[in-house]
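Accompanying notes for the structure given below.
The values are calculated or read from the model by the stated rules, or taken from the named source; none is laboratory data. The shown structure was predicted, so the numbers you read here are calculated from the model rather than taken from an experiment. Using ideal geometry, Cβ is built from the backbone for each residue, glycine included, and neighbour counts are taken over all protein chains shown.
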Amino acid sequence: MKKPISIQVTKNDKSPQAKRYKQFNALVDHINALKEQLETLQGQMNSGSVFYHAEIKPLHKKQQKLIAEEIQALHLAYPNVIFGRKDREKIAQLIVSRCRYLFHMEAHDFEALIEIFNHYADRTWEELESEKRQLKAERTEELLRSFGLDIELDEEDDFEQILEKAQAAAQHKEQENAEQESTNAHQSKTEKQKLKDARERQKEKDVQKVSKNIYNELVKLLHPDLESDEEKKVTKTEIIQRVNEAYARNDFFALLNLQAEYLNRQSGDLALMPDKEFKYYLQVLKNQEEALLSQIDSMGMDTGFETYIRQHLCHPNPITMKMFRQKAVREEKEALKAYQHNLALSKNAKSLKEALQFFA
């Protein structure tokens with residue numbers, strides 16, 4: 001990645017201006033490092049996904065198939081006269097726990113196991129699913145309420161229905177806020193408060209304008225429609241695509257570097273910028289830094305597939321990552337052997353009875 005733009009400042013300069021320049025350089029360097037980290041992590045997640053589907057998923061499918069066969073074998077073994085009451089209680093516990101595991105993994109073709117599960121479990125699968133949907137609806141309601149949206153959800157609501165209700169509630173909330181602001185506007189405010197509010201609104205507008213100003217400047221100079229030379233038009237088309245993508249992503253860092261690259265804006269130009277405008281640059285960079293940190297933290301944090309990939313198949317060091325992936329395959333193969341052993345036990349009543357002695 002190309003070295004980002006920076007402002008030259010002497011190490012011993014302690015002036016307020018130098019402090020801001022050093023802050024700018026530190027933010028730019030950190031954002032550059034975060035973008036490299038994010039790019040590396042995204043590359044690892046992508047390669048991890050390919051590795052998972054090629055090496056891990058086939059082993060998971062074999063494991064799930066063996067567990068399903070074990071459940072059916074245990075169900076057939078349950079009435080065998082060789083087993084006493086306590087043995088049957090343990091077999092029932094095994095069947096329920098194995099079914100729960102498969103249902104949690106969302107394994108395919110487990111419909112035949114639901115009837116077996118319902119036979120041994122205290123509560124049917126349908127009752128548990130209904131409770132899970134209700135709990136999910138309650139948690140979603142709680143989350144939406146934390147954003148000020150009071151919504152009543154049904155347990156059968158799908159994502160689109162939840163989104164529709166949330167949008168309706170948001171519009172209602174927005175209307176309420178507008179009415180409240182209108183009411184507040186008519187209430188008396190001190191001149192000092194009015195001035196402070198106006199300054200805050202203007203500051204927010206000025207910060208938002210920073211990226212747009214650079215974007216407009218780049219488009220004005222680099223738009224391919226303004227170029228008559230066909231070869232240069234092709235080049236400018238590629239460049240303007242990068243500009244548009246950076247602006248769409250709110251990637252101020254990328255716009256700054258494009259500005260330096262194609263508008264001949266160097267660190268000296270930034271140093272000559274008025275303090276007020278420079279502060280806006282710092283604020284936009286801080287916002288982007290926070291957004292990148294949040295994006296990195298959130299990658300692979302969802303439960304399930306992505307979490308497995310990030311925790312077991314990714315690492316900043318390529319050698320360590322390779323070791324992680326070899327270890328993951330080795331562990332899954334060992335687990336497969338264990339499931340094969342369990343299935344063999346469940347098909348032999350005498351061996352199963354002996355094994356049940358060690359099952360707590």
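List, please: which pairs have Cβ atoms under 9 Å, are six or more places apart or on different chains, and start with a residue in the range 285-308 that is within 11 Å of Leu38 (Cβ to Cβ) and among the β-branched types (Val, Ile, Thr) and end with one that is assigned to a helix (DSSP H, G or I) and modelled with pLDDT of 80 or more?
Ile296/Leu34; Ile296/Gln37; Ile296/Leu38; Ile296/Leu41
Tell me which residues, restricted to the range 337-346, are of a type outside the set (Gly, Ala, Ser) and buried (at least 16 other Cβ atoms within 10 Å of the Cβ).
Tyr339, Asn342, Leu343, Leu345
In the set Lys322, Lys337, which member is more than 30 Å from Phe83 (Cα to Cα) and charged (D, E, K, R)?
Lys322
Would you mind stating whether Ser49 is part of a helix (DSSP H, G or I), closer than 30 Å to Phe305 by Cβ, among the hydroxyl-bearing types (Ser, Thr, Tyr) and out of contact with any helix residue (DSSP H, G or I) (no Cβ under 8 Å at 6 or more places or on another chain)?
So Ser49 fails the test.
In the range 328-348, how many are touching a residue at least 12 places away in the same chain (Cβ under 8 Å) and assigned to a helix (DSSP H, G or I)?
Taking the range 328-348 and keeping what is touching a residue at least 12 places away in the same chain (Cβ under 8 Å), we get 328-329, 332-333, 335-336, 339-340, 342-343, 346-347.
Those left that are additionally assigned to a helix (DSSP H, G or I): 328-329, 332-333, 335-336, 339-340, 342-343, 346.
Residues meeting the conditions: 11.
Could you please find all residues in the range 26-46 being without any contact (Cβ under 8 Å) to a residue 40 or more places away in the chain and surrounded by 17 or more Cβ atoms within 10 Å (Cβ to Cβ)?
Of the residues in the range 26-46, the ones without any contact (Cβ under 8 Å) to a residue 40 or more places away in the chain are 26, 29, 33, 36, 39, 43, 46.
Hits for the range 26-46: nothing passes.
Taking Asn80 and the conditions (1) surrounded by fewer than 18 Cβ atoms within 10 Å (Cβ to Cβ); (2) under 27 Å from Arg330 (Cα atoms); (3) not charged (D, E, K, R), which numbered condition does it fall short on, given that it satisfies the others?
It fails just one condition, (2).
Among the listed residues Glu89, Glu55, Glu70, which satisfies the condition of being in contact (Cβ under 8 Å) with a residue 12 or more places away in the chain, surrounded by fewer than 18 Cβ atoms within 10 Å (Cβ to Cβ) and among the charged types (D, E, K, R)?
Criteria check complete, one pass: Glu55.
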